[in-house]
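See below for the structure under consideration.
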Amino acid sequence: MPIFYDTHAHLDYPEFASDFSELLDRAIVAEITRLISIGTDLESSGRAIDLAERHSPVFAVVGWHPNEALTAPDDLRPVLSELAKHPKVVAIGETGLDYYRLPSKREGGKPEDDEVFKRRQAQIFQQQLEVAAECGMNCVIHQRAALEDTLTMMKPFVGRVRGQFHCFADDASAMERILGMGSVVSFTGILTFNNGQNIRDALSATPLGQFMLETDCPYLAPVPFRGKRCEPAHIREIARVAAQVKGCSLDELSAATCQAAHSFFPKLQ
Ligand SMILES: [Zn+2]
């Protein structure tokens, strides 16, 4: 059975606390041999490192999510640079810009709050790009309804920092612009959804070797688990659909996606 990696999982979330070792067993049985646990703030990043220290298939990404920007410390750089030295920390993130969930769309939120939120997101994104450049690492990018500003902020880092545009959900022309900057994309279980044809079209246009697979668990469980808790073993369902879309064998898909992961995350063993 060809091996696959889950390159974006939130293994530190409370959803997994009660049966983590069984989840890990199911992933290993399914030949999902590397799991990358993504930090969303400093506590979550610390928990990702802790899991990586205790379980050999687990690696960590450390950073601060744009949706949590308002609670970030003024300067993330010193602590992230320190965490990034850990041998199992393979990238910085998840970071980026999210203009989809803005304060004005929530009850009681005011339009002027949006500008404050966006400015804070940009500050912590910039800090994380700087840490990545300084440590010779890449960034896991969360981008929603903010492609232009995300690419503009990454442009000065081209050649030093690449992005994995995780949970890719834009069209083929967005994918081409991302690849044109040396970055890559990754696909979740949305690929398997009935209403996921636009995502399958984007994958169809993405060359083998330029994309990775991820669950983004506990969210986005693929068909036939849709609506349930997602977990790394479900990568197999995503891989099956991805191979169909690409018209390649599972062996070819395994080789291309694992090689893309090693090239993007050089510290991944
Ligand atoms: Zn995520």
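Read-outs throughout are calculated quantities, based only on the coordinates presented, and are distinct from any laboratory measurement. Note that the structure is a prediction, hence the values are computed from the model and not measured. FYI the Cβ positions are ideal-geometry reconstructions off the backbone, even for glycines, and counts take in every protein chain you see.
Between the DSSP loop rule and a limit of at most 11 other Cβ atoms within 10 Å, which GluC sites (Glu not before Pro) in segment 70-114 are left? Kindly include the intermediate steps, with their values, before the conclusion.
Numbers: sites: Glu82, Glu94, Glu107, Glu112; in loops: Glu107.
The qualifying sites are Glu107.
Using a 4.7 Å cut-off between beta carbons, which cysteines in the chain end up with no partner cysteine at all?
Cys135, Cys139, Cys167, Cys248, Cys258
Are any of the pairs Lys118/Lys246; Lys85/Lys105; Lys105/Lys155; Lys85/Lys155 more than 31 Å apart by Cα-Cα distance, and if so, which? Write out the running numbers ahead of the final one.
Values: Lys118/Lys246 37 Å; Lys85/Lys105 39 Å; Lys105/Lys155 29 Å; Lys85/Lys155 25 Å.
Correct reply: Lys118/Lys246; Lys85/Lys105.
Could you work out the mean projected area of the convex hull around the alpha carbons of segment 173-269, in square nanometres to one decimal?
6.3
Using the Kirkwood formula over every pair of different C-alpha atoms, what hydrodynamic radius in Å results for segment 102-168?
Mean inverse Cα-Cα distance, inverted, gives 13.0 Å.
What does the convex hull of the Cα atoms of segment 107-245 come to per residue, in Å³, rounded to a whole number?
137
Over the chain, with a Gaussian network built from C-alpha contacts below 10 Å, which listed residue (Arg162, Arg54, Arg240) shows the highest mean-square fluctuation?
Maximum fluctuation in the GNM of the chain, among the listed residues, is at Arg54.
Say each of Glu115 and Asn194 gets a label point 7 Å from the Cα, pointing the same way as Cα to Cβ; how far apart are those two points in nm?
Distance between label points: 4.4 nm.
Over 5 Å intervals from 0, what percent of Cα-Cα pairs in the chain sits in each interval?
1, 6, 14, 18, 20, 18, 13, 7, 2, 0, 0
How compact is segment 130-207 by the rule of thumb for globular proteins, expressed as Cα Rg over 2.2 N^0.38 Å? Write out the running numbers ahead of the final one.
On the way: Rg = 12.9 Å, N = 78, 2.2 N^0.38 = 11.5 Å.
Relative to the rule-of-thumb radius for its length, segment 130-207 sits at 1.12.
Could you work out which residue, out of Ala30, Ala233, Ala169, moves most in a Gaussian network model of the chain, that is, has the largest mean-square fluctuation with Cα springs under 10 Å?
Ala30
Cross-link partners among lysines for Lys88, C-alpha distance below 26 Å, same-chain residues fewer than 8 apart left out?
Lys267
Using only the alpha carbons of segment 1-139, what is the convex hull's orientation-averaged projected area in square nanometres?
If I average the Cα hull's projected area over directions, I get 9.6 nm².
What are the trypsin sites (Lys or Arg not before Pro) within segment 84-154 that DSSP puts in a loop, where the Cβ has at most 12 other Cβ atoms within 10 Å?
Those satisfying the criteria are Lys85, Arg101, Arg106.
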